[in-house]
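Colleague: I have a structure here, written as structure tokens, and I will follow up with some questions on it.
Coordinate-derived values only; no laboratory data. These numbers come from a predicted model, not from an experiment. Cβ: placed from backbone, ideal geometry, glycine included. Neighbour counts: every protein chain shown.
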Amino acid sequence: MKRFYLAIFISFALLSGCKDDEPGKEEVQVNNLSKTWSLGADGYVMVNSQDISYDYSEFSIRFSDAGGDKVYYVTNGHYAFPAAIDTWNFTDQNFEEVVRHVDGTVMETNVENNTLTIRFNIPQPSNGKLQGGFGDFEFYLTEYK
């Protein structure tokens, strides 16, 4: 009888130690984003359908997830990215929308073939005097290697 209980215990221990090694949707998307992205030769920045890439020629963004702390680092973010370092989280079940904590802006992300498209809106300030700092932004970036 002792052997029977021992066999059950060992079987239970072995089965409970097994886990699914397939990454979940969130982990896959974090891994897709967790690179350094820049304009490169083919990238662009549009605001309200106007190309303003010249203002962001040295732009780069690096997403990371270090132990559950999701952080991004920006170089030359100008008006579009008011903080050089900020935390972020996903806002949707498809893990395609990211909210940045500095201002609550929700950014739609799409990673495809070593490119990243980021779309978001910055509302017009009440005084309306910040040229190029508000509107519908679209960043088309390539993986920096």
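Colleague: Which of the three applies to the stretch 83-145, rounded, prolate or oblate, going by the alpha-carbon gyration tensor with a ≥ b ≥ c and a/c under 1.5 meaning rounded?
Modeller: prolate
Colleague: Could you grab the Rg to Rh ratio for the stretch 25-143? Cα atoms only, Kirkwood for Rh.
Modeller: With Rg and the Kirkwood Rh in hand, the quotient comes to 0.95.
Colleague: Ok, one more. How do the peptides 133-140, 101-108 rank, highest first, by the average count of neighbouring beta carbon atoms within 10 Å per residue?
Modeller: 133-140, 101-108
Colleague: Less than 12 Å apart at the alpha-carbon level, and either on another chain or at least 8 residues along: which aspartates and glutamates does that give for Lys35?
Modeller: In chain and number order, the partners are Asp65, Glu143.
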